[in-house]
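The values are calculated or read from the model by the stated rules, or taken from the named source; none is laboratory data. The model shown is predicted, which means the values in this text are computed figures rather than measured ones. As a convention, Cβ positions derive from the backbone with ideal geometry for all residues, glycine included, and neighbour counts pool all protein chains shown. Note: accessible area is taken over every heavy atom of the protein model, side chains too, but ligands, DNA and RNA are not part of it. Shrake-Rupley method; radii C 1.70, N 1.55, O 1.52, S 1.80 Å.
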Amino acid sequence: MKRPKLAGVFLFVGCLLAYLMFVKRHYSATKPRLPPYYQPGSDQLTDDRPASAGRSFQYGIMFDAGSTGTRIHVFKFQIENNEAPKLAHETFRAIKPGLSAYADEPEKCTSGITELLEVAKSSIPSSMWTITPVVLKATAGLRLLPGEKAKHLLDTVRTLFLESPFLSRDDSVSIMDGTDEGISAWITVNFLTGDLHSTDSSTVGMLDLGGGSTQITFSPQDEKTIQMSPIDYIRSFQMFNNTHTVYTHSYLGLGLMSARLAVLGGVDASPLGGSTELVSPCLAPESSGSWEHADVIYTVKGQKAGEPVYEACLTKVEKVLYRKVVKVSEAADVDFYAFSYYYDRAVDLGVIEEKKGGTIQVADYISAAKRVCSGRPLSSLQSPFLCLDLVYISVLLQELGFPPDKQFKLARTINQVETSWALGATFHYIESLKRH
């Protein structure tokens, strides 16, 4: 009897060991493991990852060649399956002066551009250089240069890009028109708010008031807006597998500095032998001072005391804007972010904190204009042009179709990312590469 019992024990132990070995082998096979193409501490996944792998990274380089300086944005995007990209990191660097300062000696711009390309090289893994697009878009500074001088500057940059290890094409270097600037800023804002790739929420509009031009961009929901608007105000484009249709326009010459000159009675060109003295009802009566615009120093004076300053300035601004702006009724129903001088003047008024942003109504600009123009200064450091600026902003917004009770969001950053057009322009360019 003992031998069968002993054999039974051995049989039981053998079955138990076989079962434990099976469980161990099965657990090892199904246990989550780091894929072989993942490198801890690395900024990238190696090229042997399968197409169905989860996370990867993509980079884009955007040069913003403005009138006062050239800025580089190196964006790192996280890509997960077929989802819209997420911004993982941004490297930013700026140099002065702007490209236009080298108009007569274009070869002298090379050291600055080369310095910024080195920033890109140090920010991107070398294995990604050849598939990372490098783009330069020039704005106001080069738009104002004679065509041949602008071309020589752009050709110089184009040569540097072609010699760099990054992906460069014929369209990598160009002058950006105001409409594209508005669309790119709109893409940036809606990407950062999460509205661009969400099917559950509507997008927000974008208002930008620069020195030389002002832009309005939003996605119309009313078919009448599309049908009744000038044909070149409606643009469609693809982004993240969706088609977006926007109402967009850039009003060249209606930026705040250009508008100041027009309201003061000047012309947007150097007065060849003409007078540089400007007299305006928008300045404090019998005041006098100087103002530099487009390398011209003007003497600016207020008129003799008489008609109330606010009313006189309002009449002057309305004449400058008469029939220059298209009113769009639907804009009143769209949520808008407002940037640049809209933001700066709200800071001057104390309506928002400079670093935090906030909200403001058209009525706030109107009431502040009346208060400032009546001679009640907000501070000892107040600009002598604040009355003019506030009247202009309040009239411009109403001409665009916004009622006094319309509220705007004011922000310099969204989710700690600058609300620059550069991010949107980078997305737009990467999308164009996919189509070609």
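Before moving on, here are some points about what is shown:
- Per-region count, the stretch 405-436, residues surrounded by 14 or more Cβ atoms within 10 Å (Cβ to Cβ), of a type in the set (Asp, Glu) and not in a helix (DSSP H, G or I): 1
- Selection count where residues are under 24 Å from residue 75 (Cα atoms) and touching an Asp or Glu at 6+ places or on another chain (Cβ under 9 Å), scope the stretch 124-155: 9
- Members of the stretch 292-326 that are among the aromatic types (Phe, Trp, Tyr) and open to solvent by 20 Å² or more (accessible area, probe 1.4 Å): 310, 322
- Condition check for residue 368: on the phi < 0 side of the Ramachandran plot and touching a strand residue (DSSP E or B) at 6+ places or on another chain (Cβ under 8 Å): no
- Meets criteria (modelled with pLDDT of 95 or more, of a type in the set (A, V, I, L, M, F, W, C) and farther than 22 Å from residue 406 by Cα) for residue 216: no
- If the condition is being surrounded by 14 or more Cβ atoms within 10 Å (Cβ to Cβ) and in contact (Cβ under 8 Å) with a residue 24 or more places away in the chain, then the stretch 367-382 contributes 369, 370, 373, 378.
- Count - residues of the stretch 272-291 that are within 25 Å of residue 212 (Cβ to Cβ), surrounded by fewer than 17 Cβ atoms within 10 Å (Cβ to Cβ) and of a type outside the set (D, E, K, R): 8
- Only one of the listed residues (207, 153, 136) is buried (at least 19 other Cβ atoms within 10 Å of the Cβ), modelled with pLDDT of 95 or more and in contact with a Cys (Cβ under 8 Å, 6 or more places away or on another chain). That residue is 153.
- Residues (of a type in the set (A, V, I, L, M, F, W, C) and touching a residue at least 24 places away in the same chain (Cβ under 8 Å)) located in the stretch 72-93: 72, 74, 75, 79, 84, 87, 88, 92
- Given (1) surrounded by fewer than 22 Cβ atoms within 10 Å (Cβ to Cβ); (2) under 28 Å from residue 322 (Cα atoms); (3) touching a Phe, Trp or Tyr at 6+ places or on another chain (Cβ under 7 Å); (4) not basic (Lys, Arg), index of the condition residue 363 fails: (3)
- Taking the criterion of being open to solvent by less than 80 Å² (accessible area, probe 1.4 Å) and touching a helix residue (DSSP H, G or I) at 6+ places or on another chain (Cβ under 8 Å), the residues of the stretch 102-131 that qualify are 102, 103, 106, 109, 110, 113, 114, 117, 121, 129.
- Any chance residue 202 is open to solvent by 10 Å² or more (accessible area, probe 1.4 Å), modelled with pLDDT of 95 or more and more than 30 Å from residue 100 (Cβ to Cβ): no
- Scanning the stretch 383-398 for residues that are farther than 30 Å from residue 71 by Cβ and open to solvent by less than 60 Å² (accessible area, probe 1.4 Å) yields 387, 391, 394, 395.
- Within the option set 316, 301, being of a type in the set (Lys, Arg) and in contact with a Cys (Cβ under 9 Å, 6 or more places away or on another chain) holds for one residue only, 316.
- Complete set of residues in the stretch 86-118 that are closer than 21 Å to residue 57 by Cα and assigned to a strand (DSSP E or B): 86, 87, 88, 89, 90, 91, 92
- For the stretch 76-131, a tally of residues being among the β-branched types (Val, Ile, Thr) and farther than 30 Å from residue 149 by Cβ returns 5.
- Residue within the stretch 75-92 that is surrounded by fewer than 20 Cβ atoms within 10 Å (Cβ to Cβ) and farther than 23 Å from residue 197 by Cβ present: yes
- Identity of the residue in the stretch 221-261, under 19 Å from residue 204 (Cβ atoms) and buried (at least 21 other Cβ atoms within 10 Å of the Cβ), that ends up modelled with the lowest pLDDT: 250
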